[in-house]
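Have a look at the structure below, then the notes.
The values are calculated or read from the model by the stated rules, or taken from the named source; none is laboratory data. Please read all numbers here as calculations on a predicted model, not as lab measurements. Using ideal geometry, Cβ is built from the backbone for each residue, glycine included, and neighbour counts are taken over all protein chains shown. When the accessible area is computed, the model is the full protein with side chains, heavy atoms only, and any ligands, DNA or RNA have been set aside. Shrake-Rupley method; radii C 1.70, N 1.55, O 1.52, S 1.80 Å.
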Amino acid sequence: MINLANPEIWFVCGSQHLYGPGPLQEVAAHGREIASGLAGSPKLPLKTEFKALLTTPDEIAKLCLEANSDPNCAGLILWMHTFSPSKMWVRGLNALHKPFVHLHTQYNRDLPWDAIDMDFMNLNQSAHGDREAGFIHTRMRLARKVVVGHWSDPEVQDRVGAWMRAARAWHDWQGAKFCRFGDNMRQVAVTEGDKVATEMKFGFATNGYGVGDLVARVNAVSDAKVKALASEYEKRYAVAPDLRRSGARHESLLYGARLELGLRAFLEDDQIPPLARAAATRISLRNPGHEKAVRMVVDFAGGILPTLPNDAALTAEVSVSPAHLIHLNLQRNVVSGGWRVSFLFEPQSGDPIELRLFLRKEEQILTETWTWRWTP
C-alpha cells in the first residue's frame, strides 16, 4: 500500500496592534488553546499547529509566502479573534496559493453575563473580525471553505475535518505524475487539451507511455513475488473462495498481483524524472511605459534543470486569464543553476487574474505548475 504524506495545517490568528501587548498575549494564548483543541479532536485527520498571531500586512504576507514554500503545509485555518482590519490581508491572500478555511468562531462558548465589561467586549470581537474577513474574501473572490460555529462543537469539527481531507488530496496532487498507456500523441498540446488543462489547473502531469514498456515490466516480475503478494491479498482482504489458493480462479488473482507489481516497478522507475519546483517569486509594479502592468519573475530549480545546457530549447507555457500578456522572457539563472521566467501582463478589468506557468523541453514537461491569483 502507498501511504499518503501526512502534512500539517497551520492555524493563524488575526488581530492588530491597537489592543496593546497585554491583550495580544491573551489573544495568542486563546489561539493556541483553540489550535490545541482542534489538534486533539479525532474528527480532524491532519495535525493542526498554531503558527502565528498576525497584526500587520508585512507579517501576513511573509507567512503566506512561507506557507507557499513549505512542502509540509497543506493549508491554513484563519480566525480573527479580535478586529483584524481585512485590508491588511489583501497582499498576503493575493500571494497565497495554498487552500484555506475561514473558521468563523469565538473563544468563549458562553457569555460571562455576570462579569462582562467593555474590556471583554473589546477583546472578544471575533464576530466583527470574522465578518470583516468574510467581506474581503468575497471582495477578492477567493476560493475557500467557511465554517461557522464554536470550535468545540463536534459538527464544526466534522466540517473542518472534511475540508482537511480535501486539502490533503490537493497537497498530494501537487507535482504528481499520472501515466496513460497507449497514447499516440505524447505531450502535444494541440491534441492533448485535457492533459494541458489538468497540468495548468490542478498541478499534476498526465503523460502517455507505450504499452510495450509496461508489458516488459510485468513480464519481468518473478513468480515468487507474485505468489507472495497474492498471499498478502488473502490475509488483508475478504477474497472470494474461488480466487483463493486452490480455488478454481486462483490464476486470476495471481495475474492481478503480477499487474500490480509491474505497474509499481514502472512508476518507481527513474525514467519518470522528478519535476523542478518554483523556488522564488518576485513582483514589480513599476514598469516604465506600462503603468498599469505587473511583472512577475519566477525562478525554477531542481529536477533536471541544472543538467541542461545554457542554450537548451526550453519553452515557458504561460497563462494570464483574464489579462493581456505583454512580454515573456526565459533565461538561465547563473546563480542557482535553474531557469528564470519574467513576464509582463496588464489587467483588462477589475476581475481576479489566474496566473499559471510551467516549463517544457519539446514534449517533456520539466517543472511543476506555478500558480498565482492576482487581484487588481
| field | So ARG168, is it free of Cβ contacts under 8 Å to residues at least 60 places away in the same chain and in contact with a strand residue (DSSP E or B) (Cβ under 6 Å, 6 or more places away or on another chain) | value | no
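Tally up the residues in the range 1-57 that are polar (S, T, N, Q) and either without any contact (Cβ under 8 Å) to a residue 24 or more places away in the chain or surrounded by fewer than 15 Cβ atoms within 10 Å (Cβ to Cβ) (or both), please.
Of the range 1-57, the ones polar (S, T, N, Q) are 3, 6, 15-16, 25, 36, 41, 48, 55-56.
With the extra rule that they be either without any contact (Cβ under 8 Å) to a residue 24 or more places away in the chain or surrounded by fewer than 15 Cβ atoms within 10 Å (Cβ to Cβ) (or both), the set shrinks to 3, 6, 25, 36, 56.
Final tally of qualifying residues: 5.
Would you be able to say whether some residue in the range 102-120 is in a strand (DSSP E or B) and open to solvent by 30 Å² or more (accessible area, probe 1.4 Å)?
Scanning the range 102-120, I find at least one residue that is in a strand (DSSP E or B) and open to solvent by 30 Å² or more (accessible area, probe 1.4 Å), so the answer is yes.
Take the conditions at pLDDT 90 or above, in contact with a Lys or Arg (Cβ under 8 Å, 6 or more places away or on another chain), of a type in the set (Asp, Glu) and open to solvent by less than 30 Å² (accessible area, probe 1.4 Å) and apply them to ASP299. Does it pass? Give the derivation first.
Working: at pLDDT 90 or above: yes; in contact with a Lys or Arg (Cβ under 8 Å, 6 or more places away or on another chain): yes; of a type in the set (Asp, Glu): yes; open to solvent by less than 30 Å² (accessible area, probe 1.4 Å): yes.
Answer is yes for this residue.
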| List the pairs whose first member sits in the range 112-140 and is in contact (Cβ under 8 Å) with a residue 40 or more places away in the chain, whose second member is charged (D, E, K, R), and whose Cβ atoms are under 6 Å apart, counting only residues at least 6 apart or on separate chains? | HIS137/ARG144
| request: Output the number of residues of the range 193-214 satisfying the condition of being free of Cβ contacts under 8 Å to residues at least 24 places away in the same chain and surrounded by fewer than 17 Cβ atoms within 10 Å (Cβ to Cβ). | output: 4
| request: For the range 174-182, indicate whether the set of residues that are at pLDDT below 80, under 23 Å from ASP70 (Cα atoms) and part of a loop (DSSP other than H, G, I, E, B) is non-empty. | output: yes
| Within the range 208-257, can you find the residues that are under 34 Å from the mean Cα position of the chain (by Cα), farther than 28 Å from GLN364 by Cα and of a type in the set (Lys, Arg)? | ARG236
| Among (1) modelled with pLDDT under 90; (2) out of contact with any helix residue (DSSP H, G or I) (no Cβ under 6 Å at 6 or more places or on another chain); (3) not small (Gly, Ala, Ser) - the single one PRO241 does not satisfy | (1)
| said: Take ALA313 and tell me if it is surrounded by 12 or more Cβ atoms within 10 Å (Cβ to Cβ) and of a type in the set (A, V, I, L, M, F, W, C). | reply: no
| message | Quick test of your reading of the structure: ALA74 fulfils all but one of (1) crowded, with 21+ Cβ neighbours inside 10 Å; (2) farther than 26 Å from ALA279 by Cα. Name the failing condition by number. | response | (2)
| task | Collect the residues in the range 219-268 that are within 23 Å of CYS179 (Cα to Cα) and open to solvent by 50 Å² or more (accessible area, probe 1.4 Å), keeping them in residue-number order. | result | ASN219, ALA220, TYR255, LEU259, GLU260, LEU263, ARG264, LEU267, GLU268
| Does LEU275 satisfy being more than 18 Å from LEU344 (Cβ to Cβ), modelled with pLDDT of 90 or more and surrounded by 15 or more Cβ atoms within 10 Å (Cβ to Cβ)? | no
| query | Out of (1) open to solvent by 60 Å² or more (accessible area, probe 1.4 Å); (2) in contact with an Asp or Glu (Cβ under 7 Å, 6 or more places away or on another chain); (3) without any contact (Cβ under 8 Å) to a residue 60 or more places away in the chain; (4) not in a loop (DSSP other than H, G, I, E, B), what's the single condition that is false for LYS292? | reply | (4)
| task | Check the range 137-146 and report whether any residue there is among the polar types (S, T, N, Q) and farther than 30 Å from THR82 by Cα. | result | no
